[in-house]
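The block underneath contains the structure these notes are about, expressed in structure tokens.
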Amino acid sequence: MFFGESTGIRYAQNPAPARENVAKDEDEGKRDSSFIELEREKKGLAKDSATVLVVDDEKLIRWSLNERLLESGYHVLLAENGRTALEWFEDGLCVDAILLDLKLPDVDGLDLLRRFREKSVCPVILMSAYGSPERIDEGMSLGAATFIPKPFDLDEMVRAVGAVLKPA
């Protein structure tokens, strides 16, 4: 099953996915480690399950990755744009891996990767339908673990997440 091609459907700026993996309260912007531990308990995930942040503006891709990563035992946080992901990092978000789209509507994915690197060394998997060799090379030189072109196979993405999270 392949995902990532544009559906042509327009969604509201903050659509509510069928199964969102984040709290719906006044403190929604806070994504610190205590919040993540509470969310893991609510979802019945193991305390040591890895947390993956998905940053992509396409609702179908966020939803698909959320479902497949949950099935694989990961805790998932979803950001529909770079600004949201950056705010979470500035508020102290700690994740084990990031799936980052290179082409976001509000910020360039490589600029976002640079900002993430100021706060974290967690593995980043870049993804895009518009990845030129130069941009891919730049992303890798900024510390990205790998690049996966869109459309991608969901099982391939889960394998890539597992590979970057394996201890060296």
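Values in this text are rule-based calculations from the coordinates and carry no lab data. Owing to the predicted nature of the structure, the values given are computational and were not obtained by experimental measurement. A quick note on method: Cβ atoms are made from the backbone with ideal geometry, for glycine too, and the neighbour counts reach across all protein chains shown.
Listed values, structure above:
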{"item": "Mean Cβ count within 10 Å, highest first, over the residues of peptides 126-134, 77-85", "result": "77-85, 126-134"}
{"item": "DSSP beta bridge pairing in the range 29-165, given as percent antiparallel to the nearest 5", "result": "5"}
{"item": "Point-to-point label distance, VAL121-GLU71, nm (Cα→Cβ direction, 7 Å offset)", "result": "3.5"}
{"item": "Listed pairs LYS103/LYS150; LYS59/LYS166; LYS59/LYS103 exceeding 21 Å between Cα atoms", "result": "LYS59/LYS166"}
